[in-house]
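The values are calculated or read from the model by the stated rules, or taken from the named source; none is laboratory data. Since the structure is predicted, the reported quantities are computational estimates derived from the model, not experimental observations. As a convention, Cβ positions derive from the backbone with ideal geometry for all residues, glycine included, and neighbour counts pool all protein chains shown. In case anyone asks, the SASA skips ligands and DNA or RNA and just uses the protein heavy atoms, side chains included. Shrake-Rupley method; radii C 1.70, N 1.55, O 1.52, S 1.80 Å.
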Amino acid sequence: MRIALHTKVRADRIAQYEAAHREVPAELTRAIRAAGATSWTIWRSGTDLFHVIECDDYARLLAQLEELPANVAWQARMDELLDVAHDYSSDGAAAGLPVTWEL
């Protein structure tokens, strides 16, 4: 399945956000893949961040990552940089952007 998300980086933290994503911990990327993600891409336009995630089951991916120590630490780091964060709770599974059109 493919999920699109929208988050927002703080205007004064763009450089730190991009630097953090050049150094995503290998433990976290392994865990994301093990949870069923085959790809995760983030685009930035100003402070708007658009994510596209390809995964087996998005709700399961969130459930497996929500309490994982590597992800908890990463989310704490992201909380310092984001105005709107990715929701890893069970409510987050319904937070994907609706498809308006597809070719």
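Things worth noting here:
- For the stretch 1-60, residues that are of a type in the set (Ser, Thr, Tyr), part of a helix (DSSP H, G or I) and touching a Leu at 6+ places or on another chain (Cβ under 9 Å) total 1.
- Identity of the residue in the stretch 65-75, in a helix (DSSP H, G or I) and open to solvent by less than 90 Å² (accessible area, probe 1.4 Å), that ends up modelled with the lowest pLDDT: Glu66
- Some residue of the stretch 76-89 being open to solvent by 50 Å² or more (accessible area, probe 1.4 Å), among the aliphatic types (A, V, I, L, M) and assigned to a strand (DSSP E or B): yes
- Pairing residues of the stretch 36-59 that are open to solvent by 50 Å² or more (accessible area, probe 1.4 Å) with residues that are among the charged types (D, E, K, R) and not in a strand (DSSP E or B), at Cβ distances under 9 Å and at least 6 apart in sequence or on separate chains, gives Thr38/Asp56; Arg44/Glu18.
- The one condition in (1) closer than 19 Å to Ala85 by Cα; (2) open to solvent by 70 Å² or more (accessible area, probe 1.4 Å); (3) touching a Cys at 6+ places or on another chain (Cβ under 8 Å); (4) of a type in the set (A, V, I, L, M, F, W, C) that Ile3 fails to fulfil: (2)
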